[in-house]
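S.K.: First, the structure itself, so that you have it in front of you.
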Amino acid sequence: MIVLVLPAVFMAWAIGANDSAKAVGTAVGSGVLGFKRAVLLIGIFTTLGVLIGGSGVSGTISGLAEGMSAGEVGLVLFSAASAVTLASLWGRPISTTQSIIGGLVGASLALGLPVDWWTVGRIVAAWVLSPLVAALFAVAVYRLYKPVLGRIKCLRNLELTQKWLVFTASAFSAFNLGANELSNVAGLMEGLGINGPFKLVLAITLALGALTFSYEVMMTVGRDISPLGPTSAFSSQFGASLAVSAANLIGLPVSSGQAIVGAISGLGIYKGERVNLKLIAGIVKGWVVAPVFAGAFSYVLMALLA
């Protein structure tokens, strides 16, 4: 089982290095949370998410790996983790979900296994829709939230309220990170008989990835897409979390990264603020390249080693 466990741990670390930025990037970028406190928040709420919130997503991923051995699933995870790590070195938030799905499709094609194109199509449709839905949710939250804050006259109370709301939204996003992205890995492990306490190992490894390698991606999300104050940070983060939670309820593994990028850029456009369209174009390009790279790498590894 070492051929499965080590790539799974590598994948969890890669998720922490890249996807944790999408849960707490707005909080760090807006100055509400420091980096180390953000990592602590990630560790706690991601663990809760993978332990109690990911059954529907896990089942979807396991179904796409049907017919694969432990070693073959290990190669898929290694391929996906490699794609995510390269993106983290580049400082770009990509989709770990897309990388895993791409790896599974590439492996299935190489092994001659049937691909559930209907499920893959549903997942891809959710990838396209999630940033748009997140943007709409972010604008709606902002329009409801800002008038309420306007009624708070005491500056100290206003600042405290904003900080707690941003913290709550980040905790919600971290929970979704465990329930969605990390559950992708947990689902593959469960399909091969490894479950229970190993989820905790994955969650701890994800937190280590966040601590050691996530800062550049965190700054891309929280600082470089569009200016973020506490009000925008909360609205973007909460809007993205609502979009991901909706996908979790129907068992679709979507990308929290796509959701938060959609939320930040959509809200920025709505408010008439500067939005770094060149950066967004580069991020979207990464969303396309990541699953293609993971799928191609997985295909080659299967052809050579499986």
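S.K.: Ranked by accessible surface with a 1.4 Å probe, highest first, in what order do 123, 250 come?
M.R.: The ranking, largest first, comes out as 250, 123.
S.K.: Using a 1.4 Å probe, how large is the accessible area of residue 223, given in Å² and rounded to the nearest 10?
M.R.: Roll a 1.4 Å probe over it and residue 223 shows about 130 Å².
S.K.: Work out Dmax and Rg for the stretch 1-63 from the C-alpha atoms and quote the Rg first, both in angstrom.
M.R.: Rg, Dmax (Cα atoms, Å): 14.0, 43.
S.K.: Something else now. Cβ under 12 Å from residue 49's Cβ, residue 49 left aside: what net charge do those residues give with Lys, Arg +1 and Asp, Glu -1? Don't skip to the answer; put the middle values down first.
M.R.: Details: positive: 199; negative: 19, 181.
For residues surrounding residue 49, the net value is -1.
S.K.: Which order do 264, 269 take by accessible area at a 1.4 Å probe, largest first? Could the numbers behind the result be given before it?
M.R.: Details: 264 5, 269 110 Å².
Descending order: 269, 264.
S.K.: Summing +1 for each Lys or Arg and -1 for each Asp or Glu, what net charge is found among the other residues whose Cβ lies under 14 Å from the Cβ of residue 171?
M.R.: Charge balance in the 14 Å sphere: +3.
S.K.: Reachable lysines from residue 153, Cα under 25 Å, same-chain residues fewer than 8 places away excluded?
M.R.: 163, 271
S.K.: Rounded, prolate or oblate for the stretch 175-253? Axes are the square roots of the Cα gyration tensor eigenvalues, ordered a ≥ b ≥ c, and the cut-off for rounded is a/c under 1.5.
M.R.: Oblate shape, in that a/c is at least 1.5 and b/c is the bigger or equal ratio.
The values are calculated or read from the model by the stated rules, or taken from the named source; none is laboratory data. Source: prediction; values computed, not measured. When we count neighbours, we look across all protein chains shown, and the Cβ atoms used for this are built from the backbone with ideal geometry, even at glycine. All accessible areas refer to the heavy atoms of the entire protein, side chains included, with ligands and DNA or RNA removed. Shrake-Rupley method; radii C 1.70, N 1.55, O 1.52, S 1.80 Å.
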